[in-house]
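Report on one structure; see the data block that follows.
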Amino acid sequence: MRTKLLSAVIFAMLFAFAATAMAEPIVIKFSHVVAVDTPKGQAAEYFKKLAEERTKGAVTIQVYPNSQLYKDKEEMEALQLGSVDMLAPSLAKFAPLGVKEFEVFDLPYIFDGYEDLHKITTGPVGKKLLGMLEVKGIQGLAYWDNGFKVMSANKALKTPADFKGLKMRIQSSKILDAQMRALGAIPQVMAFSEVYQALQTGVVDGTENPPSNLYTQKMHEVQKYVTFSNHGYLGYAVIVNKKFWAGLPADIRTQLEGAMVDATVYANSIAKQKNEEDLASVKASGKSEIIMLSDEERAAWKAALVKVHTEMADRIGADLIQEVYTATGFKKIKNTKNLGRI
Ligand code: LMR
């Protein structure tokens with residue numbers, strides 16, 4: 001009788017052990033719209049590597065780059081529905097989720113460089129913005145850098161007057177809409193995956209993006225001129241469906257959060273260099289001419305764009321804009337004669 005009982009216990013233990021060993025991994029689908037060889041693409045791959053190693057195979061991260069799974073607008077809806085688990089949309093794409101405050105990052109010339117930007121993304125303002133996602137059922141995990149934007153077209157864009165009447169592709173941000181209008185251009189919202197073809201066929205005349213996106217999507221092959229304007233920033237927030245994230249076993253979630261911290265350090269260490277390299281590759285390709293602005297030309301761009309800060313204050317919140325100015329040391333812009341640092 002005792003032997004039988006012992007055998008039964010051993011069998012039950014072996015069965016439980018085998019069942020655990022055979023347990024299906026938790027699959028996390030991570031969708032994004034850019035190429036693998038970009039700051040975001042590389043960071044997503046690095047997160048996958050760390051997450052799978054640290055959870056010893058209990059988690060599988062399936063990364064879908066290049067809009068393979070969803071385009072810009074669809075991916076936000078899919079996250080809320082739970083059809084995809086993790087995204088890293090550009091900060092210019094959060095208004096359709098109901099958090100238009102993220103568009104503060106789109107204000108022209110609001111950051112002098114990465115150092116300024118990090119005062120926001122690693123400080124209380126960045127934290128507050130991520131917190132605003134919670135009521136939308138979304139949890140913000142991190143900010144990932146990309147870089148400062150260039151403008152491209154088939155005509156040389158040196159002064160604001162050069163933009164007059166050009167159809168310029170933008171992301172869905174109303175700040176970017178106002179920015180293009182301030183330059184005299186006609187903004188056209190379009191999914192990232194459609195931009196190359198739209199430029200090639202002349203549906204739009206030009207666009208803006210950091211060099212890493214321009215180069216990896218081969219946009220420079222269908223744009224004769226690229227102006228090194230650094231007129232605005234483009235970066236990301238990594239987000240997950242809150243319910244999904246909270247439902248993960250606590251130990252797994254902790255390991256994934258650790259992997260995200262390290263992937264973020266990695267992302268933000270490669271972005272600047274990647275953009276510099278890709279701008280150099282655009283130049284080396286000989287397909288588009290890189291235009292460097294003179295001090296006078298840059299001042300004219302700034303003078304034309306400065307009004308967007310005040311024009312859009314009601315949309316983003318004057319207080320939030322002021323918080324960014326204060327954190328970065330940016331002087332409040334009253335008029336084009338008092339430009340602060342811009
Ligand atoms: C764009 O749509 O231009 C970018 O936001 C794409 C990206 O995710 O970098």
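Just so it is clear, none of the values below were taken in a lab; they were calculated from the coordinates. The structure presented is a predicted model; accordingly, all values stated were derived computationally and were not measured. FYI the Cβ positions are ideal-geometry reconstructions off the backbone, even for glycines, and counts take in every protein chain you see.
Data table
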| item | result |
| --- | --- |
| Matching residues in the range 108-159 - criterion: being within 15 Å of the chain's Cα centre (by Cα) and within 22 Å of I186 (Cα to Cα) | F148, K149 |
| Count of the range 259-313 residues which are of a type in the set (A, V, I, L, M) and surrounded by fewer than 17 Cβ atoms within 10 Å (Cβ to Cβ) | 10 |
| Qualifying residue in the range 104-119 (condition: without any contact (Cβ under 8 Å) to a residue 60 or more places away in the chain and surrounded by fewer than 15 Cβ atoms within 10 Å (Cβ to Cβ)) | yes |
| Contacts under 7 angstrom Cβ, first residue in the range 58-73 being touching a residue at least 60 places away in the same chain (Cβ under 8 Å), partner more than 14 Å from the ligand (Cβ to nearest atom) and part of a loop (DSSP other than H, G, I, E, B), 6 or more apart | A58/P25; V59/P25 |
| The range 184-228 - residue that is free of Cβ contacts under 8 Å to residues at least 40 places away in the same chain, part of a loop (DSSP other than H, G, I, E, B) and over 19 Å from L305 (Cβ atoms) and, of those, farthest from the ligand (Cβ to nearest atom) | G202 |
| Residue match in the range 274-288 (condition: within 27 Å of K155 (Cα to Cα), basic (K, R) and touching a Pro at 6+ places or on another chain (Cβ under 8 Å)) | yes |
| Set V59, V84, V104: member being out of contact with any strand residue (DSSP E or B) (no Cβ under 7 Å at 6 or more places or on another chain) and among the aliphatic types (A, V, I, L, M) | V104 |
| Residue in the range 232-248 that is out of contact with any strand residue (DSSP E or B) (no Cβ under 7 Å at 6 or more places or on another chain) and over 25 Å from E75 (Cα atoms) present | no |
| Filtered residue count, the range 40-71, keeping only those that are touching an Asp or Glu at 6+ places or on another chain (Cβ under 7 Å), of a type outside the set (A, V, I, L, M, F, W, C) and within 17 Å of L141 (Cα to Cα) | 0 |
| Failed item, numbered, when R181 is tested on (1) closer than 21 Å to Y143 by Cβ; (2) more than 16 Å from the ligand (Cβ to nearest atom); (3) among the charged types (D, E, K, R) | (1) |
| K174 vs. criteria within 24 Å of the chain's Cα centre (by Cα) and more than 12 Å from the ligand (Cβ to nearest atom) | yes |
| The range 47-73, residues that are surrounded by 16 or more Cβ atoms within 10 Å (Cβ to Cβ) and in a helix (DSSP H, G or I) | F47, K48, L50, A51, E52, R54, D72 |
| Condition broken by I239, with the remaining ones in (1) within 23 Å of the chain's Cα centre (by Cα); (2) outside any helix (DSSP H, G or I); (3) over 18 Å from D145 (Cα atoms) satisfied | (3) |
| Only one of A78, A92 that is more than 18 Å from A263 (Cα to Cα), in a helix (DSSP H, G or I) and within 14 Å of the ligand (Cβ to nearest atom) | A92 |
